[in-house]
Structures are given as C-alpha cells and as structure tokens.
Protein chains: 2
Amino acid sequence: MGQFRYAERTECMESSILREILKVTAQPGMISLAGGLPSPDAFPVELVKELCDKALTTWKDSILQYGTSEGFAPLLEALSDYLKNDRHIKSAETDRILVTNGSQQILDVVAKLFIMPGDKIAVESPTYLGALQAFNPYQPVYVDIATDEEGVIPESLEEVAVKEKPKFFYLVPTFQNPTGKSIGLERRKAIADIAIKHNLLIVEDDPYGAIRYRGEPLPPIASLASDNILYSGTFSKTFAPGLRLGFVTAPKDLISWMVKAKQSIDLHTSTFVQALAALYLGEGHMKRQIPKICELYRPKQEAMLVALKKHFPSSFFFTEPEGGMFVWAEGPEGFDSLAVYEKAIERKVAYVPGRFFYTRKEDGAGTMRLNFTNSTVEQINSAIATLGELFAEHL
Amino acid sequence: MGQFRYAERTECMESSILREILKVTAQPGMISLAGGLPSPDAFPVELVKELCDKALTTWKDSILQYGTSEGFAPLLEALSDYLKNDRHIKSAETDRILVTNGSQQILDVVAKLFIMPGDKIAVESPTYLGALQAFNPYQPVYVDIATDEEGVIPESLEEVAVKEKPKFFYLVPTFQNPTGKSIGLERRKAIADIAIKHNLLIVEDDPYGAIRYRGEPLPPIASLASDNILYSGTFSKTFAPGLRLGFVTAPKDLISWMVKAKQSIDLHTSTFVQALAALYLGEGHMKRQIPKICELYRPKQEAMLVALKKHFPSSFFFTEPEGGMFVWAEGPEGFDSLAVYEKAIERKVAYVPGRFFYTRKEDGAGTMRLNFTNSTVEQINSAIATLGELFAEHL
C-alpha cells in the first residue's frame, strides 16, 4: 500500500480492470460504443452564454457567495414544480429536495447514511456500475434481485425484503444502465406496494426517464410510494453533464440527514451552476431542449437496432429500449464478451463487457453494453457490422 | 431515528448546537461577527461574465461534457504553475494535483481514505470546525496538539507522533481558523522535520495564506517536506466561494487514491466552473484581484483591532493576525462566552463561542471567534463596543 496507512475500506476501492479496458477507447480511429457520454451536439453552448449573463445580471454577487447546503432557492422552487408536474411526484415540496454534484453524489451520500460494513443492500442484476463504485467503499454485502426481459421481478424483491431485510434497494427502473430495460406500470405498482408493505427504502435512480424516443411515458415509482422512495435525478442528460448537477427528493427526515451529510462533505453545490439550472429549468429552456436531444439520438438508436438485426449472429439477444442511451446484447451459451474484447479493439471497436455490471464474478460473461449517443449513424453501422463479423467467428 | 435504519455513523453527524446558535444571525438588525463569509464586494461579478463568455468561446461544448476525475487540464496546468512559483511547492506537477468541490471535499476524501472507527487523528487545539464535521462521520479518536501564541508547539506534535501514531495531523498553519494565528518559519521547519522523521502525514489546510495585510509571507510547510504533506487550497477566498472550487497537491500515490475516491463520490468537479478558474488563474486575474481583496479587508481588520483595544475589558486577550478573516478573543478565568451569548443577541451582535472549535467539551469556555470581512467598519466599531460593554458587566 505504499508510504501511508490507508483505511481498510480502500481495499474495496481498487481501480477496476474496466478502467484499464476503457483506456484503449481513446486510441485514434477507435469507434467507442463503450462510454456513456451524451453527444456534445446536445449541449446548448450559446444558451449557456446567455444564461450566465442573465444569472449574473439577475442575482449579482449573491450567486458567487456561500449558499445553503439544501440548494439555491430559485432552483429548489423550479425543481419542485418540475417534480410535481412533469414527474408526478406530488410530495416534492422544496423542503423534500436536495441539490447535489450530479446524481453520483446522491449515491455516495445514501451509502454514507446507511451502509456499515456487512450491511445488506439489494441491487438489480445487472446494475449500474457507478452505483457499485459509490457503495463499495462502505463495504456492503450485495443481494441480487432477479430480473427478466421486463426488468426487476417483484416476487424476487419481496422475498429479499422479507428474508434479507436490506438497508435499501437501488434500481434504475427506466431505460436502465446497462440494459436499457424499463419496468412496466404493473410491476412499478407491485414494487411500490412491496416498499410500503415491508417499509423498504427504495433508491430510484432516473437519469434517462426524459430521453424517450417511442412509446408512452412511465411514472416514477416515487409517484406511487413517495414516503418510501428516494428519487434521484440529474441535469447530465437533459442539460449538460460537465455542470455536475443532480437533485433528489425523498421523505423529509431522510432529506434532512442528507443535508447534514452534504454539509460535511462539501458544504453545498456550486451556487453559480445552480443559478444556470434555475433559469434553464424555470424559464422553459429544458422543455424545449429535450425534444431536440431526442431527435438527435433517435436515429442513432434506430440505426443500432437495425444494424444489430442485420449483422449480429441470430443466436444473439439484444434489448430494444424505447429511450435512454444503451442497448444490451447477450451471446449464446459459451460466448465470452471479455475474451473477444482484445480482437474487437484490434478492429477498432470498443464496448463494455457486461460482466462488470454484476456483483458476482461468475455472471454476465456473454453480455455487453452498447452506447449509441456519442457516435454517428455511419460509425454505429460500421461498428456493429465489425462486431457481428467478429462474434460470428468466435461462436 | 425515525422510519429508516440509518448507519451507526449518523450518530456522529448530529446537528450541532452551533447550527441553532447561528440561526439567529439572520435576524434583522443583527451585526454578525459569527460567520466566515468573504465580503460580496470582493467578488468580481463583471469579470465572471467575461470569463464565462471567453471560456465557452474558447473551449465550446468540451467544458459542458464529462471530464476526468483529476481535473480540467488547463486548470491543472495553471495550478501547477501557481503552486510551484507562488506557493514554493516545487513538487506540484500536474499529476500531483486534484481539483475538488471546495477544500471541504478534500477533508471528506482524506477522512474516507484514512479513518476507520477508532483511528487516531491529530488536530490543533482549537481547530477548524468544518474539519471536525468532515472527520466525525468516520468516527476517529482525536488527539490534541498543544498550541501557544505562535500556534502548534512542535514538541507536542513529536510526542504525539511517537506515542499515538495518528493516521495524520490536520492543521491550518497560516491565519488559522478560528484563532488567526500563524506558525513562524522556525516552527514550520521543525514540523516538517518531524513529519519526515516519523513518516507522519500532515494535512496542511491553507485557505487564507494569500490574504495578508502586513508582514512577510510564510512558506507552506508543504514547501519544506512535500513527500509527507497534503497541501489543500481553495478559490473561496481569492475568487468566489459560491463556485465551490478547491485543489490539493500531495504525493503521487496519495493523489491517485484521492482520484479513485473522488470518482466514486461525484465523478469530477464541474468542468465549466474549472474552466472559469483556469482563465482567472492562468491569465493573471487572480494576481490582480488579491491586492484588491486585501485592500478591502485591511481597514476592517484594523478597525476591529483598534476597537478591541478600546472597548474590551483589559483582562481579555485577543490575537492580532497579519491576515486572514478572524480575530480570536479570550476572557479571564471564569468568563463563559456561551453563557453571555444570548444577551449579545438581544443587543444585536453575534459571534461564535469558541468552545465549538475544541474536541474536548471542557475546553475553550472563555474564547470566541470574531469575523471582520463581512461587516462594515461602522458595524465592527459598534459591535465591538457593544460586546465590550456586555462582557464588562459579566466579569
């Protein structure tokens, strides 16, 4: 461990193989379907200039001063309106909202408030890797909730809620990272009922819900059981991730603990950045921008789905999400997406081998996550054709 | 504890009496010497407008995209130059620097990397309250280092280093919060030697070093023993706290652990805000702004020192710092600054009773912290006269 006497928890923070694997995506000529970046074409650069000017003219030095840990009041008000009216979370009063540095910080704060070493946490299988990275330093024991083509299976959740009594259940119910799957309305109701019946805290992470290309919107689970659910949102996919701005609504007691934790972690989120978001959301810019973002991504996603059907061996399964940023593919029994990864890199295509999204090492060998938002249609066609050819050679 | 099963560490995160005490500072007509806010007059609002425009014109969408956990490359380069040339930390190459959400986040990250429940941490007595709040959730045992009028006593540090083997020693050597004291050059050398001799990690927090009204600059301890010292800086006092921007330079191995921790906590600090700071620091704005900030604060501080001499009972001691944001006062044996606090509030003056800066409940009853940066000279004169009269009545 070197010169200093680090805490034991650092053993749970080792750099993953994944980081090494993803380094190659920066090589020249590489088409990367590996990352999870929005397209820079989705960022309203000129609008941000205008918002900076307006924010500083409106609020002057006050947005350069220290602020409250809860968040900048005009943003809290805009978020409350948004969460109540657009997300149907009627309980989202301003005193049930906290602004954070992206939604990643919400995961760290939740972990800090709930996880002592050995505590049980329930997660989808597979689940969002960034959540595992946020939780790992607090040394939880993971309990997997079984999923099928519609995502989380409520019966599995109820069994775990009763038998294992996890501190909380973390899930991404809409356009999940990594699978793109969405949980339907009936299952959402069942999950909400389980949360209420067993007084289970659910951490509902919803970064992609607004990025929908087809089909009918689904209500957040938080709109069905708001006293048991922490709902986590972000401006990363609807405004710009480089601003680092997330928000959470949760029961009042939990928000007040999160505020205390936030204060000790970094006092508060950038007042200046919050002011930009207050204008972006409060003055209707977001409502106008989201359809533009969807128009930008829809043809990319359609191109990927068409190319997958055309080029991937017929023994491969893949998801067909109605929104979000990812498609999930799985090869037949015996196929190993990590074993063939080096050959894909040689042919200048990168993806994420799916095993990294599972808590158990033996799971997910045949799976992979494919991102379409940050490549052109031509790159997507070419990359999927290359992968299809390569995979066919390795069956 | 309410509905949810919070982790045991939340018991160390209870809202302090201090928070309640400071609530009254918002009452109308109150002169607050309690906070630690820079003056809003010190914030270059028009310059920030220009920097926003220039940053977006120069770097376009790239400063709205996800970035690396280490920090925005142009800011890392500007910080490396600054730390090497202005702060004399010759080892501060870009790969030994991490950008954070204010320096508060540095304290959280250090605590996360080093403190397991029961681990010993050495701190000055008194010390910065925000550091205790960052460390407390990780459940350390504090070991006090004795101080006198020149701050930390090196012999006390060496004794603790040998006997207690603390994970690290946290201090604010220049214009300390809360006392305003600065450690002289000879003691800095002695502390650096102790760090090297006993392989002790020192966390040197330097938010105020550049805010000097009189006297000769002192080198950071990190410039004397950079392989054993984590040096923490911030833009909060030299640019604007509402941006939430801090930076740290430390040995490479430690920085790489901090980067891993930062990634799991919030991925990275706002790229956009980092771009503003890259221009502010890199294009010489900070060098021009700091003298203006000092010119703004110097008369306030001089007024406070003159008023203290004139109005406080002669049995009171107070520090006369050459810079920073605070003066520290201590009454004679038997005086209790908390007991008289309510009467001060009735007379519309607030300060921070000093006991909150000590790790042991029995210490510091007679002390108080007085801030001068966020009041006018007239307010300071009036407030100190009021306190002097009140304290004289309670001796």
Checking A:I229 against (1) surrounded by 19 or more Cβ atoms within 10 Å (Cβ to Cβ); (2) at pLDDT below 95: exactly one of these is not met. Which one? (2)
Against the definition (of a type in the set (A, V, I, L, M) and away from chain A (no Cβ under 14 Å)), how does B:V172 come out, yes or no? yes
Scan the stretch B:339-355 for residues that are open to solvent by 30 Å² or more (accessible area, probe 1.4 Å) and under 17 Å from B:T179 (Cα atoms) and jot them down. B:R355
Please verify whether the stretch A:12-24 includes one or more residues that are facing chain B (nearest Cβ under 9 Å), open to solvent by less than 20 Å² (accessible area, probe 1.4 Å), at pLDDT 85 or above and farther than 24 Å from A:S382 by Cα. yes
Assuming A:E14 fulfils every condition listed in (1) in a loop (DSSP other than H, G, I, E, B); (2) closer than 28 Å to A:F235 by Cα; (3) of a type in the set (D, E) apart from one, which condition is it? (2)
From the list A:A277, A:A303, A:A261, which residue is over 16 Å from A:M325 (Cα atoms), more than 8 Å from every other protein chain (Cβ to nearest Cβ) and modelled with pLDDT of 95 or more? A:A277
Note: among A:F43, A:F4, just one is facing another protein chain (nearest Cβ under 7 Å), over 30 Å from A:F357 (Cβ atoms) and open to solvent by less than 30 Å² (accessible area, probe 1.4 Å), namely A:F4
Would you be able to say whether some residue in the stretch B:301-323 is charged (D, E, K, R), within 22 Å of B:Y128 (Cα to Cα), touching a residue at least 60 places away in the same chain (Cβ under 8 Å) and buried (at least 19 other Cβ atoms within 10 Å of the Cβ)? no
With criteria (1) closer than 22 Å to B:H394 by Cα; (2) in contact with a Gly (Cβ under 6 Å, 6 or more places away or on another chain), B:P321 comes up short on (1)
Would you be able to say whether some residue in the stretch A:165-175 is without any contact (Cβ under 8 Å) to a residue 24 or more places away in the chain and either closer than 26 Å to A:P219 by Cβ or open to solvent by 40 Å² or more (accessible area, probe 1.4 Å) (or both)? no
Against the definition (touching a Gly at 6+ places or on another chain (Cβ under 6 Å), crowded, with 24+ Cβ neighbours inside 10 Å and more than 10 Å from every other protein chain (Cβ to nearest Cβ)), how does A:F272 come out, yes or no? no
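Test of understanding: among A:A329, A:A392, which residue is at negative phi and in a helix (DSSP H, G or I)?
Working: A:A329 fails: in a helix (DSSP H, G or I).
On inspection, the qualifying residue turns out to be A:A392.
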Is the stretch A:273-288 home to any residue that is in the same structural domain as A:I106 (by TED's automatic domain parsing), farther than 21 Å from A:L218 by Cβ and in contact with a strand residue (DSSP E or B) (Cβ under 9 Å, 6 or more places away or on another chain)? yes
Which residue, of B:Q65, B:Q104, is more than 30 Å from A:P44 (Cα to Cα) and either within 11 Å of another protein chain (Cβ to nearest Cβ) or open to solvent by 10 Å² or more (accessible area, probe 1.4 Å) (or both)? B:Q104
Provide a single number: the residues in the stretch A:124-155 that are hydrophobic (A, V, I, L, M, F, W, C) and closer than 19 Å to A:G209 by Cα. 3
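Within the stretch B:25-40, take every residue that is of a type in the set (A, V, I, L, M) and farther than 30 Å from B:P140 by Cβ and give me the one that is most open to solvent (accessible area, probe 1.4 Å).
Checking each candidate, the answer is B:A26.
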Going by the conditions given, is B:S223 of a type in the set (S, T, N, Q) and surrounded by fewer than 20 Cβ atoms within 10 Å (Cβ to Cβ)? no
If you check A:K90 against the conditions, is it under 18 Å from A:L254 (Cα atoms) and open to solvent by less than 10 Å² (accessible area, probe 1.4 Å)? no
Which condition number in (1) more than 7 Å from chain A (Cβ to nearest Cβ); (2) crowded, with 21+ Cβ neighbours inside 10 Å is the one that B:E50 fails? (2)
When residues of the stretch A:361-389 are limited to those that are under 20 Å from the mean Cα position of the chain (by Cα) and open to solvent by 10 Å² or more (accessible area, probe 1.4 Å), the one farthest from A:F335 (Cα to Cα): A:N374
From the set of residues in the stretch A:134-148 that are open to solvent by 10 Å² or more (accessible area, probe 1.4 Å) and in contact (Cβ under 8 Å) with a residue 40 or more places away in the chain, which is nearest to the other protein chains (Cβ to nearest Cβ)? A:N136
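What tally of residues in the stretch A:256-269 results from selecting those that are in a helix (DSSP H, G or I) and open to solvent by less than 10 Å² (accessible area, probe 1.4 Å)?
Here is the first cut: in the stretch A:256-269, the residues in a helix (DSSP H, G or I) are A:256-266.
From the residues that got through so far, the ones that are open to solvent by less than 10 Å² (accessible area, probe 1.4 Å) too are A:258-259, A:261-262, A:264-266.
Selection size over the stretch A:256-269: 7.
The values are calculated or read from the model by the stated rules, or taken from the named source; none is laboratory data. Because the structure is predicted, anything quoted here is derived from the model rather than measured. Methodologically, a virtual Cβ is constructed for each residue, glycine included, from the backbone with ideal geometry; neighbour enumeration extends over all protein chains shown. We work out accessible area using only protein heavy atoms, side chains counted, and drop any ligands, DNA or RNA first. Shrake-Rupley method; radii C 1.70, N 1.55, O 1.52, S 1.80 Å.
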